[in-house]
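Scroll down for the structure; my scribbles are underneath it.
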Amino acid sequence: MTLKQGLEVAGLTHRERGLIDVSFRAEPGQILGVIGLNGCGKSTLVRCLSGELTPDAGVCSWNGERLTEANRATCLSVYRSEEWKAPRPQALLPAAWEGAAAEQLMERLRLKDDLEHFHSDGIRLTAALAAAILKDAPVLILEEPIVGIELRNQAEIEEVLREERSRGRAVILVTAMLAYLVPIGDSLLVLNEGQVVHDGCGPGGGRAELEEWFLQVVGE
């Protein structure tokens with residue numbers, strides 16, 4: 001029997017929030033993009049994966065082992081930009097700021113001199129995102145990772161995520177920004193009204209072609 005590698009989600013359902021029988025796999029060394037219209041179930045999916053919400057049905061597993069409260073924190077690192085829009089003291093950030101990797105990432109994202117300025121939404125979001133990347137977990141789930149991030153840091157974050165993919169992490173990017181996902185993602189999962197309507201490669205072409213393809217997929 002061959003062991004199934006990666007994060008596997010089978011039949012995930014949350015009836016109250018409209019998530020219906022969602023199944024997919026995110027493999028090590030892959031960037032999977034999850035996209036859909038507002039209200040399609042993206043945030044509910046992330047919250048079910050993180051354990052914040054309890055689904056009515058479905059199974060999530062990593063390398064064939066079911067995710068539980070006991071092992072979820074070691075398997076997943078989750079960032080949701082929505083959680084960091086309100087001011088938070090620096091002390092609430094994960095203690096991940098020691099070591100060469102942390103120093104390098106802080107330098108690349110221009111955080112070394114900015115961590116005291118938590119009144120700034122952009123700095124707070126960048127620091128929280130960096131902490132999620134630094135966490136030693138094989139699956140990295142990022143919801144709206146460039147929302148509120150300085151333009152000069154967005155390209156650097158994209159490069160960092162490509163490096164994380166090369167290291168063998170399964171990276172899941174959840175966003176409403178199709179034009180951001182297509183160049184970086186290896187595969188696209190499209191949600192519409194809580195259900196998977198596309199799971200596979202994304203389209204080629206420019207912005208207009210991307211938008212036309214997406215609207216066809218979601219039936220608009």
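Summary of values
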read-out	value
Number of positions in region 30-55 that are surrounded by fewer than 19 Cβ atoms within 10 Å (Cβ to Cβ) and over 14 Å from the mean Cα position of the chain (by Cα)	7
Filtered residues of region 171-195 (kept if of a type outside the set (Ser, Thr, Tyr) and in contact with a Lys or Arg (Cβ under 9 Å, 6 or more places away or on another chain))	VAL171, VAL174, ALA176, LEU178, ALA179, ILE184, ASP186, LEU191, GLY194
Some residue of region 15-25 being crowded, with 21+ Cβ neighbours inside 10 Å and touching a Cys at 6+ places or on another chain (Cβ under 9 Å)	yes
Tally of residues being open to solvent by 30 Å² or more (accessible area, probe 1.4 Å) and either at pLDDT 95 or above or assigned to a helix (DSSP H, G or I) (or both) across region 79-108	11
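The values are calculated or read from the model by the stated rules, or taken from the named source; none is laboratory data. What you see is a predicted model; the values in this text were computed from it and never measured. All Cβ positions, even for glycine, are placed from backbone atoms using ideal geometry, and neighbour counts span all protein chains on display. Note: areas computed on protein heavy atoms with side chains; ligands, DNA, RNA excluded. Shrake-Rupley method; radii C 1.70, N 1.55, O 1.52, S 1.80 Å.
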